[in-house]
Amino acid sequence: MTDSIQTNQFAHLANGMCLHYASAGERGKPLLLFLHGFPEFWYAWEAQLAEFGADHFAVAVDLRGFNLSDMPADVSAYRVHHLVDDLRLFAAHLGYAKFNLVAHDWGGAVGWSVAITLPQLLEKLIMINSPHPWLFLQALRNDPRQQQCSQYMNWLRKDGSEQALMKDDFSALEGFFRDHDGNLPAWFTDEVRRRYHDCWRRGLRGGVNYYRASPLHPPTEAEPGALSLDLDPESLRVRIPTRVIWGESDPALPRHLLDGLEQWVDDLVVERIAEGTHWLVHEQPQRINRLIRQFLQHP
């Protein structure tokens, strides 16, 4: 699968960041950009690069703080406006003024922000288990179930969480992938484990700093979190064509986060996958490919 994928490519951006990326296909064809989440890296999109390189310039980037991309130590370097700026400059580095974007988890948080603040960059947006910021904000403020589901975010924000994740050969970090019975999924093969462990050994501080930099987390006595934000909901409207693919068995992001999404996205299609978890891209890569292609081909 990886024969057609080019790795070890680096983009030196005008803001001083250096981002690593992998690609398939020819530069000059329509750009299809993939953004991973935590604790992943470009490799999460291996099946998508192999599929879409035939008719796109398919690119999966390591976000700042992950894998082979630069990892600033300062928490403030992971605030969302920096992440959005990375994406704008990265597309320009590749030679594109407009592109299609597929994003998951933290990559999705960046994707929503790009769609809201720089919609002129995007043709279409495809989100996979990443909630719209207004709906997530309201759930973190008012929904005890979501507050409980998101307690892991407050744990990751604590000093030393990256060291705890590295103990016992990344046992706690692998726990993110385990099911309710404590079993690792079938897709987490020995080869996938090796690739992820190689990535994680390069450092976890950057990935954890995404949680530390964001106010979108459950409130505590010491940290107001989501309660501290005063946003104009109308400023968070998305006006570009958007498809949301949602694994409804996601333990951290329950399906009720989709409720009311049509009020914030003008052109929306939602595809629900009842048995899919947060790791839907890994579980059903060919189904994800079909859904992406259907949306890209739709006028």
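The values are calculated or read from the model by the stated rules, or taken from the named source; none is laboratory data. Since the model is a prediction, treat every value here as computed from it, not as a measurement. Here the Cβ positions follow ideal geometry from the backbone for every residue, glycine too, while neighbour counts run over all protein chains shown.
Provide a single number: the residues in region 229-267 that are farther than 12 Å from Q138 by Cα and over 19 Å from the mean Cα position of the chain (by Cα).
Residues meeting the conditions: 10.
In the list E123, E223, which residue meets the criterion of being among the acidic types (D, E), closer than 20 Å to H104 by Cβ, touching a Pro at 6+ places or on another chain (Cβ under 9 Å) and surrounded by 13 or more Cβ atoms within 10 Å (Cβ to Cβ)?
Numbers: E223 fails: closer than 20 Å to H104 by Cβ.
After ruling out the rest, the residue left standing is E123.
Do we find a residue being assigned to a loop (DSSP other than H, G, I, E, B), of a type in the set (D, E) and either on the phi > 0 side of the Ramachandran plot or without any contact (Cβ under 8 Å) to a residue 12 or more places away in the chain (or both) anywhere in region 230-251? Spell out how you get there, then give the answer.
Quick first cut of region 230-251, residues assigned to a loop (DSSP other than H, G, I, E, B) only: 230-232, 237, 239-241, 248-251.
Applying the additional criterion that residues be of a type in the set (D, E) yields 230, 232, 248, 250.
Pick out the ones that are also either on the phi > 0 side of the Ramachandran plot or without any contact (Cβ under 8 Å) to a residue 12 or more places away in the chain (or both) and you get 230, 232.
Yes, there is a match, as at least one residue in region 230-251 is assigned to a loop (DSSP other than H, G, I, E, B), of a type in the set (D, E) and either on the phi > 0 side of the Ramachandran plot or without any contact (Cβ under 8 Å) to a residue 12 or more places away in the chain (or both).
Name the residues in region 226-236 that are surrounded by fewer than 16 Cβ atoms within 10 Å (Cβ to Cβ) and either touching a Lys or Arg at 6+ places or on another chain (Cβ under 7 Å) or modelled with pLDDT of 95 or more (or both), would you? Please lay out each step first, then the result.
At the first step, the residues of region 226-236 found to be surrounded by fewer than 16 Cβ atoms within 10 Å (Cβ to Cβ) are 227-235.
Hit for region 226-236 is L227, nothing else.
With the checklist (1) touching a Phe, Trp or Tyr at 6+ places or on another chain (Cβ under 8 Å); (2) surrounded by 19 or more Cβ atoms within 10 Å (Cβ to Cβ); (3) not in a loop (DSSP other than H, G, I, E, B); (4) not aromatic (F, W, Y) in hand, flag the one item V270 doesn't pass.
Of everything listed in (1) touching a Phe, Trp or Tyr at 6+ places or on another chain (Cβ under 8 Å); (2) surrounded by 19 or more Cβ atoms within 10 Å (Cβ to Cβ); (3) not in a loop (DSSP other than H, G, I, E, B); (4) not aromatic (F, W, Y), V270 misses just condition (2).
List, please: which pairs have Cβ atoms under 7 Å, are six or more places apart or on different chains, and start with a residue in region 69-84 that is farther than 19 Å from Q9 by Cα and end with one that is of a type in the set (A, V, I, L, M, F, W, C) and surrounded by fewer than 16 Cβ atoms within 10 Å (Cβ to Cβ)?
V84/L118
Out of all the residues in region 166-222, which are more than 19 Å from D62 (Cβ to Cβ), among the aliphatic types (A, V, I, L, M) and more than 17 Å from the chain's Cα centre (by Cα)?
Matches in region 166-222: A172, L184, A186, A222.
From the residues in region 273-296 that are in a helix (DSSP H, G or I) and of a type in the set (V, I, T), which one is farthest from F177 (Cα to Cα)?
Start the filter on region 273-296 by keeping residues that are in a helix (DSSP H, G or I), which leaves 280-283, 285-296.
Pick out the ones that are also of a type in the set (V, I, T) and you get 281, 288, 292.
Details: V281: 12, I288: 19, I292: 24 Å.
Among those residues, the one meeting the criterion is I292.
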